[in-house]
Amino acid sequence: MKKYIQPALIANAASLGFHWIYDMDFLEELAKKQSLVFQLPSIEHYAQAKPSFFAYPYAKIGDVTTQGMYLKWLYEAVKGNPEFSMEDYRNLIFEQTKPGGPYIGYIETYNHTLIINAMSSKLRLNLPPLPVSDDHLVGFVPYLVSKELGLGNDYAWSLAQLFTDKAEYRQFFDMFDYIFENIARLPRKELLTNAIELAPESYREKLSMALTMEETRDFIKQYAGIACHIPQSVPLIFRILNQCESYQDMVGTNVRLGGASGERAMLLGAIFAQVSEIPENWVEKIK
């Protein structure tokens, strides 16, 4: 757990206090007055920031987003069962997040779809299933679990298809493998330039611009975004990988950019932990 999962969860938890605040000006001004890392979500902050979505009112320091919980649940389940299947994954998420289930927190749209399809099947309603074609970073949860346990990208993709039919994820798994395997030995820009060759062709211009554009805001506006959808988030992850030197710097930069910072932080945290120390007091916060 300590190589990839723990660093991913620490970065996610560190970002939760401002997750889904889409007001970059507000975050930049607030960062001049206080740390944005490991803060409680505050209704006052979310009321001031426009737009924003106050989704975690009951959070405590060290808590993670819904996708962070998926990562915890899936890791523990797969670690104890090497035959764990997509159907097992479906049952795991359903049992945790169904109405009356143990999880108390925000439920994402793709999770609602899973619950509706599962309930329809259990009640034999004979309704056509809702389509599964998600494009959020949740598709990388099985990737991180599989990477931690050495199960390979084909296995990760077999689980990721619970929520998506988009083959880009499978290509991105190979691209991020290259980054993980070479980040300690190659200059950052060379590493990322090489990695672009493994990306889906439709993303290559966006990823190239992540490395070359001068102004981050212009890049976000023209080629990325700050939401969780992978056409926005993966190019921005590339930008942050190219610009930040340390795990700590990455977390602060990522939070200030706003939007789905907690979800981006999981991939970023897992990557940066391979070449940068995590502050010990941060590690203690999620125990």
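Where a number appears in this text, it was derived from the coordinates with a stated rule and is not lab data. The structure displayed is predicted, hence computed values, not measured ones. When we count neighbours, we look across all protein chains shown, and the Cβ atoms used for this are built from the backbone with ideal geometry, even at glycine.
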When residue 207 is run through (1) under 24 Å from residue 6 (Cβ atoms); (2) touching a residue at least 24 places away in the same chain (Cβ under 8 Å), the failure sits at (1)
| Quick one: would you say residue 206 is of a type in the set (Lys, Arg) and loosely packed, with under 15 Cβ neighbours inside 10 Å? | no
Pairs returned, first residue in the range 79-91 that is within 17 Å of residue 144 (Cβ to Cβ), second residue that is in a helix (DSSP H, G or I) and among the β-branched types (Val, Ile, Thr), beta-carbon separation under 9 angstrom, 6 or more apart or interchain, are 79/145; 84/78; 89/78
Flagged in the range 172-193 as touching a helix residue (DSSP H, G or I) at 6+ places or on another chain (Cβ under 9 Å), surrounded by fewer than 16 Cβ atoms within 10 Å (Cβ to Cβ) and either more than 16 Å from residue 275 (Cβ to Cβ) or aliphatic (A, V, I, L, M) (or both), in numbering order, are 174
When every residue in the range 1-24 that is within 21 Å of residue 228 (Cβ to Cβ) and surrounded by fewer than 21 Cβ atoms within 10 Å (Cβ to Cβ) is compared, the one nearest to the chain's Cα centre (by Cα) is 22
Item to complete: Answer yes if at least one residue in the range 8-20 is closer than 21 Å to residue 109 by Cα and either in contact with a strand residue (DSSP E or B) (Cβ under 8 Å, 6 or more places away or on another chain) or free of Cβ contacts under 8 Å to residues at least 24 places away in the same chain (or both), and no otherwise.
Response: yes
Within the range 41-69, the count of residues that are outside any loop (DSSP other than H, G, I, E, B), under 18 Å from residue 141 (Cβ atoms) and among the hydroxyl-bearing types (Ser, Thr, Tyr) comes to 1
Only one of (1) closer than 30 Å to residue 117 by Cα; (2) among the charged types (D, E, K, R); (3) touching a Lys or Arg at 6+ places or on another chain (Cβ under 6 Å) does not apply to residue 23, and that is (1)
Reported set for the range 254-276 where residues are over 15 Å from the mean Cα position of the chain (by Cα) and of a type outside the set (Gly, Ala, Ser) is 256, 274, 275
Within the range 235-263, residues being free of Cβ contacts under 8 Å to residues at least 40 places away in the same chain and under 22 Å from residue 205 (Cβ atoms) number 6
Checklist entry - Does residue 27 satisfy the criteria of being under 22 Å from residue 280 (Cα atoms), in contact with a helix residue (DSSP H, G or I) (Cβ under 6 Å, 6 or more places away or on another chain) and assigned to a helix (DSSP H, G or I)? => result no
